[in-house]
Amino acid sequence: MRIWDILAMGLIVIIALSGRSWYGNDTQPPVGRRPAIGAIQSPSLPSLPGPTETSPVISISLEEKQQSSTGTAFSIDFSGTWITARHVADGCDKIALHKGYRKFLRIDRVWHHPNSDISVLKTNGGSLPFPGIQKDTSRGQHGYSFGFPKGKPGDVHGQIIGKRTMRVEGRYSTREPVLAWTQIQRVPDMGPHLGGISGGPWVNAAGEIIGVHVAGAPRRGRSYSATSESLLNFLQRIGIQKKDSSFDTKKFKVNARDFSTVGNRLRQQLTIAKVFCLVGDRWR
């Protein structure tokens, strides 16, 4: 039986397994009252310093993959370059992107960042990409993340509260600075447990990439993202140059009122796709 037929037959089972997430030990006291939905972002926000030796450390123990799962990936160019989280793509026997009913996009090559929770996927042909990757971020800045939490379409509006250090041990070992977000609104609201959105983008109001969704602390309503600096440095290291797109970028602009509508459009045009990580001898 062809692998893509097997993928289609296993779709329902894999979706049921997709609600897994990471939990960080962020020791900072809870933040104060969350800002109102739709709050206007100040044009002059404080700068965002990197984590220090006294900053909270998010510690994650990563076990070997024992079962299939799903995550999120997003397009950054028309030639078939996709970004996801390393813990989504690492340890898989087969990886594919879901294009629609019984339609899958084969992954031809995978690069794993050596010290960040980022993987780059390559396919034969791509989809409409995000307009750019922005390095500048500020404390208090609003952002939006899109993907497939618990294997289903979903989106998050959040606000940056600072930088942390994330340490991963187990299947591989990394230590990296990450952006810490407090979740303001989730659509649909399936609770703060967002397993399956890992690998999805965090974007600013212009739709530019400012982070890669990699972890969460559900009890605190927190999310964490690998930084755009880590992403850009890795793309340069593997020889992929992200050029600013020349197409109309108005459709990527997003705010607190329409972020879910934007997320649905991004999934429909396959700028954002579900990743299938298949594990086990039956998939070989």
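Summarising the label geometry, the points placed 7 Å from Cα in the beta-carbon direction at GLN185 and THR261 lie 1.2 nm from one another. Amide H to amide H distances under 5 Å link ASP155 with VAL187, where only residues 5 or more positions off or on other chains count and H is placed in the peptide plane. A simple packing score, the average count of other Cβ atoms within 10 Å per residue, orders the peptides 221-232, 105-116 as 221-232, 105-116, with the highest score first.
Annotation for ASN115 and ARG175: the two label points, set 7 Å from Cα along the Cα-Cβ direction, are 0.9 nm apart.
Is there a pair in LYS99/LYS135; LYS135/LYS242; LYS152/LYS253 whose C-alpha atoms are over 21 Å apart, and which pairs would that be?
Details: LYS99/LYS135 30 Å; LYS135/LYS242 13 Å; LYS152/LYS253 23 Å.
The answer is LYS99/LYS135; LYS152/LYS253.
Electrostatic tally near THR271: other residues with Cβ closer than 15 Å to its Cβ, Lys and Arg +1, Asp and Glu -1, net +4.
Can you check what the net charge comes to around GLY170, using other residues whose Cβ is under 12 Å from the Cβ of GLY170 (Lys, Arg +1; Asp, Glu -1)?
On the way: positive: LYS65, ARG167, ARG171; negative: GLU63, GLU64, ASP90, GLU169.
The answer is -1.
With q set to 0.13, 0.23, 0.27 Å⁻¹, the log10 of I(q)/I(0) for the range 182-239, from the Debye formula over equal scatterers at the Cα positions, is -0.38, -0.97, -1.17. Positive contributions from Lys and Arg (+1) and negative ones from Asp and Glu (-1), summed over other residues with Cβ under 9 Å from the Cβ of HIS113, come out at 0.
Amide H to amide H, with H built 1.01 Å from N, ALA205 comes under 5 Å of no residue 5 or more places away or on another chain. Extending each Cα 7 Å along its Cβ direction at LYS250 and SER59, get the distance between those two points in nm, one decimal. Calculated label separation equals 5.2 nm.
Peptide packing for 201-214, 171-184 was compared via the average number of neighbouring C-beta atoms within 10 Å per residue; ordered from the highest value, the list is 201-214, 171-184. Computed from the C-beta positions of LYS135 and ARG219, the FRET efficiency with R₀ = 25 Å rounds to 0.20.
Just so you know, all these numbers are worked out from the coordinates, no wet-lab data involved. Computed from a predicted structure; not experimentally measured. Glycine gets a Cβ as well: all are built from the backbone with ideal geometry, and neighbour counts include every protein chain shown.
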